Amino acid sequence: MVCVRHSLSREGSGGAPYGGARYPVEARMDARVFARFHLDVGIGDAVMKPLETVEGRGWLQFAGITTRPFRTIPQEQQVAEKLHAYTLPRRTPSSRAKDLIDLLLLTQSGKLEQNRIGEAVRVTFERRRTHALPSVIPAPPAGWRKQFRELATECRIAEDMQEAFAKVEAFFRPIASDWQK
């Protein structure tokens, strides 16, 4: 028997215009946990077309459960939303080292269409209206080092925090001038 458990939202939407939620989800089979992940639901964000179709990983094929494709927002939009979260001014220092990890993984994936990233960034910042689109990406705070290293190890990322930031910043530098158009 397969059981998917979810619980009430633990935090806000990270800037979605009309709110949203993050739901922790746990997939179990025969009382064993197979996967844990968060399902983010944002309300009011602009959605770039076309949506992407992603195939599941087939973790339960041994039990006769086939994978099903599902639709996601384009990776260019994911990058824009991560950049927005990374640069969002906060009252207390941000502890979102995961945004830098995600930006590194996405920008190094080789799957992004450069010509769509500027549009995605512009649309995300215009729609959310929480802060101005920065002309340069700010360096991560030194306080992230420990959390970054833990997450990087979990994700099999060899770069330290400064190397990761340098790669992310270098990725965005050539297209940053398009953001302001």
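Please identify the pairs in which a residue from the range 144-172 that is on the phi < 0 side of the Ramachandran plot has its Cβ atom under 6 Å from the Cβ atom of a residue that is polar (S, T, N, Q), counting only partners at least 6 apart or on another chain.
Within 6 Å, the pairs are V168/T107; F171/T107.
Could you tell me whether the range 127-149 includes any residue that is within 16 Å of the chain's Cα centre (by Cα), among the hydrophobic types (A, V, I, L, M, F, W, C) and modelled with pLDDT of 95 or more?
yes
Answer with yes or no whether R129 is surrounded by fewer than 14 Cβ atoms within 10 Å (Cβ to Cβ), under 30 Å from Y18 (Cβ atoms), among the basic types (K, R) and touching a strand residue (DSSP E or B) at 6+ places or on another chain (Cβ under 7 Å).
no
So how many residues does the range 95-117 have that are part of a helix (DSSP H, G or I) and modelled with pLDDT of 90 or more? Walk me through how you get there before you give the answer.
So the first thing to find is which residues in the range 95-117 are part of a helix (DSSP H, G or I), and the list is 97-107, 114-117.
Then keep just the ones that are modelled with pLDDT of 90 or more; that gives 97-107, 116-117.
Adding up the residues that qualify gives 13.
Considering only residues that are of a type in the set (K, R) and under 13 Å from the mean Cα position of the chain (by Cα), look in the range 81-121 and name the one that is farthest from L51 (Cα to Cα).
It comes out as R96.
Restricting to the range 95-126, what's the tally of residues that are surrounded by fewer than 18 Cβ atoms within 10 Å (Cβ to Cβ), touching a residue at least 24 places away in the same chain (Cβ under 8 Å) and of a type in the set (G, A, S)?
2
Yes or no: the range 75-90 includes at least one residue that is surrounded by 12 or more Cβ atoms within 10 Å (Cβ to Cβ), under 30 Å from G56 (Cβ atoms) and of a type in the set (F, W, Y).
Within the range 75-90 (the criterion being surrounded by 12 or more Cβ atoms within 10 Å (Cβ to Cβ), under 30 Å from G56 (Cβ atoms) and of a type in the set (F, W, Y)), the answer is yes, since at least one residue qualifies.
When only residues in the range 32-72 that are under 30 Å from R127 (Cα atoms) and charged (D, E, K, R) count, which is surrounded by the most Cβ atoms within 10 Å (Cβ to Cβ)?
D45
The values are calculated or read from the model by the stated rules, or taken from the named source; none is laboratory data. All figures in this text were calculated on a predicted structure; none of them were measured in a lab. As a convention, Cβ positions derive from the backbone with ideal geometry for all residues, glycine included, and neighbour counts pool all protein chains shown.
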